[in-house]
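Some notes on the structure that comes next.
The values are calculated or read from the model by the stated rules, or taken from the named source; none is laboratory data. Remember, it's a predicted structure, so these values are computed and weren't measured experimentally. Note: ideal-geometry Cβ built from the backbone for every residue, glycine included; neighbour counts use all protein chains shown.
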Amino acid sequence: MPVRLPSRLSFHKYQGLGNDFILVDNRHQPQPCLTPEEAVALCNRRFGVGADGVIFLLPGQEGADFSMRLFNSDGSEAEMCGNGIRCLARFLQDLGIPGQDGAYQIHTLAGRIVPQVRPDGLVTVDMGIPRLLAGQIPTTLAKPEEKVVRQPLQVGGREWAVTAVSMGNPHCVVFLEEGGSLEELDLERVGPLFEHHPAFPERTNTEFAQVLSPTRLRLRVWERGAGATLACGTGACAVLVAAVLEERAESQATVELPGGNLEIRWDPSTQHVWMTGPALHVFSGTTAG
Ligand code: ZDP
């Protein structure tokens, strides 16, 4: 182990569709109380607690109730995290902070995001407006002010048709054509090649998707900084947006991920994307002294 675990750290483990996070109550100071290296050690599934990332609950900024920051399991920082913000909303409820009708205004590096815990325990999140211009993703696959929809990209010895979407964090969406099988996709081989492709200067999350019907999509994800995970909330939103841009789906659909389903809606009038799904507390603990 390169870095020791932080000692006597109180933490809370949550998961959304098997995408799991270590939540840290960091409300006492504006900066995360852990270094990225300490987050890597905590996320290690054999030497540490085990998680896809560490999420910090921080004091509010810019008029928001609270702020969220996330270190991936490789120590890199993500601007946003869809499954993670559902977990954060459940964590706030568990801390006894009711919010306004279960809704919280959360400042993230991707702007203001608003999760709301419903009476049935599922969390609906206003994920904001997707950013579609190449300069916003960022990607060099088009001029900065142009969209990237079904653009050819050479990766791993073949050509793929990719659509780029930012949900605050970068996503590259690939629909497998007729006959292509998600099960047969060698995610561990092609995932890293997409993640580190020079066309994505901030690296990228990559979703491999299949259209089951105009209201039902399926995906496997290779996450920037975390590898293959069981689910990606921002990724599910990016796939629905890409499917609408490619005229493959309606503006509301169920998205099947390896860990379960999310309901995603891209509101045509406001352009906001809405995501609904579960988030659950697994256990709380304290690291050794
Ligand atoms: O953008 C990134 O670096 C992602 N790895 C962040 C995590 C995204 C996540 N899986 C989600 O649900 O949106 C947590």
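Determine which single condition G128 fails, assuming it passes every other condition in (1) more than 16 Å from the ligand (Cβ to nearest atom); (2) in a loop (DSSP other than H, G, I, E, B).
Here G128 meets the rest and fails (1).
Show the residue pairs meeting these rules: Cβ distance below 6 Å; 6+ apart or different chains; first residue within the stretch 232-249 and more than 16 Å from M80 (Cα to Cα); second residue in a helix (DSSP H, G or I) and more than 16 Å from the ligand (Cβ to nearest atom).
Listed by first residue and then by second, the contacts come to A249/A243.
Give me the pairs: first residue in the stretch 68-97 and farther than 18 Å from A231 by Cβ, second residue of a type in the set (D, E, K, R) and within 9 Å of the ligand (Cβ to nearest atom), beta-carbon distance under 8 Å, and six or more apart or on different chains, which are they?
That search, which allows pairs on different chains as well, returns R69/E77; F71/E77; S76/R203; S76/R224.
If you take the residues of the stretch 154-208 that are farther than 14 Å from G227 by Cα and acidic (D, E), which of them is modelled with the lowest pLDDT?
Result: E178.
Can you name the residue in the stretch 93-112 that is crowded, with 23+ Cβ neighbours inside 10 Å and more than 20 Å from P138 (Cβ to Cβ) and is also nearest to the ligand (Cβ to nearest atom) among such residues?
Result: I106.
So which strands (runs of 3 or more DSSP E) are wholly in the stretch 176-266 and hold at least 3 residues that are crowded, with 16+ Cβ neighbours inside 10 Å and polar (S, T, N, Q)?
Strands (runs of 3 or more DSSP E) meeting the threshold: 205-213.
Counting only residues that are on the phi < 0 side of the Ramachandran plot and away from the ligand (no atom under 16 Å from the Cβ), how many does the stretch 46-66 have?
11
From I113, I106, I129, which residue is under 20 Å from the mean Cα position of the chain (by Cα), at pLDDT 95 or above and under 24 Å from E195 (Cβ atoms)?
Step by step, each of I113, I106, I129 is checked, and only I113 is under 20 Å from the mean Cα position of the chain (by Cα), at pLDDT 95 or above and under 24 Å from E195 (Cβ atoms).
For the structure I just gave you, tell me whether V165 is free of Cβ contacts under 8 Å to residues at least 60 places away in the same chain, of a type in the set (A, V, I, L, M, F, W, C) and crowded, with 19+ Cβ neighbours inside 10 Å.
no
Among (1) away from the ligand (no atom under 15 Å from the Cβ); (2) assigned to a strand (DSSP E or B); (3) of a type outside the set (S, T, N, Q), where does P115 come up short?
With respect to (1) away from the ligand (no atom under 15 Å from the Cβ); (2) assigned to a strand (DSSP E or B); (3) of a type outside the set (S, T, N, Q), P115 is out only on (1).
Only one residue in L42, L34 is buried (at least 20 other Cβ atoms within 10 Å of the Cβ), in contact with a Pro (Cβ under 8 Å, 6 or more places away or on another chain) and assigned to a loop (DSSP other than H, G, I, E, B). Which one?
Checking each option against the conditions leaves just L34.
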